[in-house]
Amino acid sequence: MEGDSFITNSSEYRLLEVYYQKRRTSKIRPEPRLCMLSAQSATGDEGFQNVAEKLTQIVDSGLIVPDGVEADSNDDIVERLVELLKESGDELNEKIKRNHELLEYLKSAITYTVFEKLTTTFIKSVVPQTTRNREQIALTFEMTSRLRALDLQPMNRVMGFGAQYLQQHFTPWVQKHGGWEKAFEDDDDDEEEVH
């Protein structure tokens with residue numbers, strides 16, 4: 001599909017790959033494709049490395065705190081998944097695999113619409129709606145990275161959903177601030193919010 005090529009060649013997609021590599025290299029050996037990306041990043045996308053570092057710092061500043069909420073009905077699958085994704089550590093994949101209902105749901109039903117609802121719920125459950133754009137963007141990167149790490153969907157599909165979400169919800173703000181590098185260049189963020 002032509003739309004898929006546009007997404008996978010977008011700066012959002014490339015930045016998601018750099019972010020994912022950064023988050024995963026400390027925990028597991030990087031995938032061969034990501035090693036190639038790392039070499040490319042060192043020469044052509046150094047700015048993306050800087051942005052990924054800033055996003056990592058934002059997420060690691062204590063934004064994500066698990067609530068320990070357990071949901072009981074099928075309608076609460078998104079909320080259960082959000083709670084699991086808020087947990088950190090390598091046991092996340094195992095917990096999802098043990099929850100057969102959730103596992104089957106993820107394998108069969110993850111579409112962009114589900115991804116969008118999941119990401120929006122994740123962001124709202126972690127931070128108030130009045131949070132600065134940088135925090136919301138960082139949480140979108142983290143959410144996409146955590147979903148990709150679950151190996152339930154082809155990696156390019158989840159990354160494509162993440163890139164599409166970023167384009168639909170944050171690209172106007174990023175462009176207004178001069179692109180990815182400039183939007184995350186300094187620590188002063190105007191208080192303008194994305195709704």
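The values are calculated or read from the model by the stated rules, or taken from the named source; none is laboratory data. Keep in mind it's a predicted model, so treat the numbers as computed, not measured. Note: ideal-geometry Cβ built from the backbone for every residue, glycine included; neighbour counts use all protein chains shown.
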So, first residue within 15 Å of GLU53 (Cβ to Cβ) in segment 133-145, second residue of a type in the set (D, E, K, R) and surrounded by fewer than 24 Cβ atoms within 10 Å (Cβ to Cβ), Cβ within less than 7 Å, six or more apart or across chains; the pairs are ARG134/ASP189; SER145/ARG23
- Message: Within segment 96-118, does at least one residue satisfy the condition of being at pLDDT 85 or above, closer than 21 Å to SER61 by Cβ and not charged (D, E, K, R)?
- Response: no
Residues in segment 7-37 that are modelled with pLDDT of 50 or more, under 18 Å from GLU53 (Cβ atoms) and among the hydrophobic types (A, V, I, L, M, F, W, C) total 3
